[in-house]
Amino acid sequence: MEKGYLNKIYILFKKELMGYFNSPIAYIFIGAFLVVLNWLFFNSFFIIGQADMRNYFILLPWMFLFLIPAITMRSWAEEKKSGTIEFLLTLPITDWQAVLAKFLGALAFLGITLLLTLTIPFTIASLGNTDAGPIIGSYLGALFMGAAYLSLGLFISSLTKNQIIAFVAAVAACFVFFFVGNDFIVATSPQVLAPFLKFLGIGAHFDNIARGVIDTKDVIYYISFVWLFLWINKEIVALRK
Amino acid sequence: MIRVENLSKKIGETQILDSINFQINDGEILGFLGPNGAGKTTTMKIITGFWTPSSGNIFVDEKNVIENSLEIRSKLGYLPENVPLYDEMKVYEYLKFIAEIRGIAKEKIKDSIKSVVNSCGLEKVIKKPIEELSKGYRQRVGLAQSIIHKSDIIVLDEPTTGLDPNQIIEIRNLIKEIGKDKTVIFSTHILSEVQATCDRVVIINNGRITGQGTPSELMQAAGSRETVYVKIRGPKEIIKEKLKEIEEIMEIMEKDREADDIFGYEIQPQTGADVREKLSMIVMQNNWSILEFSRKSASMEDVFRELTK
């Protein structure tokens, strides 16, 4: 690896992250996400009356279906639309560096959003006895799942110049991957396909981690998923030539 | 030195560049001239490594730009058409980002930014977001970005498009200033720009190079296409016959008709020949009379039109 390879990614990453916070869209989406998430969660929380976060982590994947495409929609589409992509990709950087920086920038942004949701576990912890282990595990799982959605969303953003198309298509794609491992789908699909679908679905892997079980199988799944879509993303970017 | 060799680019079924060859010497300001859609932008995109050619090569200092893309990109400054910039960044943030990604050492970044802010006249707007800048200032930020890393070669794609006349002159002067110690290649379809700024011109049309040389060389070459217009009272056929006897006249064309015995003729003399005196002698000898006489020498516009037909 060339010296300074990571440094260049870091510089691009800073630019990406700054880009999120320079745009009002980011604040609006974080704000809306937090309000809706808190409301939906605490709405049932006080009815059930248990200091438990299970419902929260059932809710989170659904919220991600909208939050993550909102994070990724701009990424490539905006660069293509404004023409800055030409400028970006003629800098002395490789396509991989550009793709990785965009991914890491989006991941950091997601991480910050998740940090802001920590008010919920702290609130609950102050209300009753909670087990920290599963909560930490679930947050880790949420980050993994988020990373998978992000790579998918970034790939879709690289296909279009239009942010709205990127958003809607990413919601649809995330939904497909979320749903494909769902019990309902798996049960009604042909026997041969069932384990395959179960493995493919993003949601099923999240359930494992959310239960506090960090299995290498799930980790490998997420890492391969992310890598695959980042790789396709890089190939799409290279297609311009 | 940049050497473009048999460069071709085909996108789908369209042949955008058809085996073009030219050379840019060190320290030269080269104007890349051609009508819209001629292939200027495509050539620049290939030089800067954004696209790859379908066939052919570009060498920068004897290094192939496809094989040594990263190395050459780091020597190059590029301002794409329409000046795409990260609008939401402030000018200072943007230049800092460029300085960092271009690998300027940390302790030198401030000085580098200062120096380009100075040379591009950006002092007033340094804290403003780029989206609030006027077109002229955007262009300057674009230029600043392209020279911040002390690049040897600057590629500018239509840097004066969309500017008002004052801004055009400012940017042109800036390009000249930059060009003093760098190789600059810039494209344009504005002819006066070429005359005002360039050391050498390459004219491209329909993906082919149709002419190259210094502006004055091109004008001289086109000077052979000088024409003489003359309006003579007298019998048309005999006039034509007599004029054809003058050796230096290559072609005589009837241009217009004012009356039954008054016709206008367009005469194409041989290169460099002056036919005026011989012409008037013949007219006098035959007792005709000259009613109008004018000589049209080629301008840059003619050169352009001739070479991009």
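Just so it is clear, none of the values below were taken in a lab; they were calculated from the coordinates. None of these values were measured; they are calculated from a predicted model. Cβ atoms come from the backbone with ideal geometry, glycine included; neighbour counts cover every protein chain shown.
For the residues of A:70-82, the average number of beta carbons from a partner chain within 10 Å of their own beta carbon is 1. Normalised by the number of residues in segment B:2-213, the mean separation of alpha-carbon contacts (under 8 Å, six or more apart) gives a relative contact order of 33 percent.
Show that you can apply the helix-only estimate: for chain B, add -39,500 (n - 2.57) for every DSSP H stretch of four or more residues, divide by all residues, and state [θ] at 222 nm to the nearest 500.
-10500 deg cm²/dmol
Annotation: the residues B:I98, A:I120, sorted from fewest to most other C-beta atoms within 10 Å of their own C-beta, follow the order A:I120, B:I98. Net charge dipole, the protein assembly as shown: roughly 1260 debye, given to the nearest 20, about the Cα centre with Cβ charges of +1 for Lys and Arg and -1 for Asp and Glu. Our note on the geometry: Cα centres of segment B:91-136 and segment B:198-274, 52 Å apart. Look at the dipole of segment A:81-220 built from charges on Cβ: of A:A210, A:V186, A:A108, the Cα furthest out on the positive end belongs to A:A108. About the centre of its Cα atoms, segment B:1-160 shows a dipole size close to 540 debye [charges on the beta carbon of Lys, Arg (+1) and Asp, Glu (-1) only; nearest 20 debye]. Taken along the Cα-to-beta-carbon direction at a fixed 7 Å, the label points for A:I25 and B:S54 span 3.5 nm. Result for chain B in a Gaussian network model with C-alpha springs under 10 Å: among B:V141, B:V125, B:V230, the largest mean-square fluctuation is at B:V230.
Could you list B:V202, B:V65, A:V219 so that the one with the fewest beta carbons within 10 Å of its beta carbon is first and the one with the most is last?
A:V219, B:V65, B:V202
Take each residue in B:79-86, count the other chain C-beta atoms within 10 Å of its C-beta, and the mean is 5.
Exposure proxy for B:L33, A:L91, A:L37: other Cβ atoms within 10 Å of each Cβ, ordered fewest to most, give A:L37, A:L91, B:L33.
Put simply, the Cα atoms of segment B:226-297 extend 32, 22, 17 Å along their principal axes, the longest span coming first. Per-residue ellipticity at 222 nm, computed for chain A from helices alone with -39500 (n - 2.57) per DSSP H run of at least four residues, works out to -27000 deg cm²/dmol.
Below 8 Å, C-alpha to C-alpha, sequence gap of six or more: please give me the relative contact order for segment A:5-238 in percent.
26
Helices meeting the span-like rule in chain A (full DSSP H runs, Cα extent of at least 18 Å along the helix axis, mean Kyte-Doolittle score of -1.0 or higher): A:5-22, A:24-48, A:54-82, A:95-116, A:132-157, A:163-179, A:216-238.
Bridging of B:K240 to aspartates and glutamates at a Cα separation below 12 Å is possible for B:E251, B:E254, B:E266, once same-chain residues fewer than 8 apart are set aside. Modelled this way, with points 7 Å down the Cα-to-C-beta line, the labels at A:F46 and A:I165 are 4.6 nm from one another. Of the residues A:T119, B:L291, A:P24, the one whose Cα sits farthest toward the positive end of the charge dipole of the protein assembly as shown, with +1 on the Cβ of Lys and Arg and -1 on the Cβ of Asp and Glu, is A:T119. A compact globular protein would have a Cα radius of gyration near 2.2 N^0.38 Å; the ratio found for segment A:5-238 is 1.05. Pairs exceeding 25 Å between alpha-carbon atoms, taken from A:K8/B:K90; B:K45/B:K108; A:K81/A:K102: B:K45/B:K108.
Note on A:N38 and A:V192: the model spin-label points, each 7 Å out from Cα along the C-beta direction, lie 5.2 nm apart. If you take the Cα centroid of segment A:53-77 and the Cα centroid of segment A:165-212, the two points sit 15 Å apart. Calculated on the Cα set of the protein assembly as shown, radius of gyration then Dmax: 33.2, 123 Å. Note on chain B: with a GNM built from Cα contacts shorter than 10 Å, the maximum mean-square fluctuation among B:R172, B:R257, B:R140 falls on B:R257.
Placing unit charges on the Cβ atoms of the charged side chains and taking the dipole of segment B:2-213 about its Cα centre, the candidate lying farthest along the positive direction among B:P53, B:L95, B:I178 is B:L95. Computed over the Cα atoms of chain B, what is the ratio Rg over Rh, Rh following Kirkwood? Result: Rg/Rh = 1.15.
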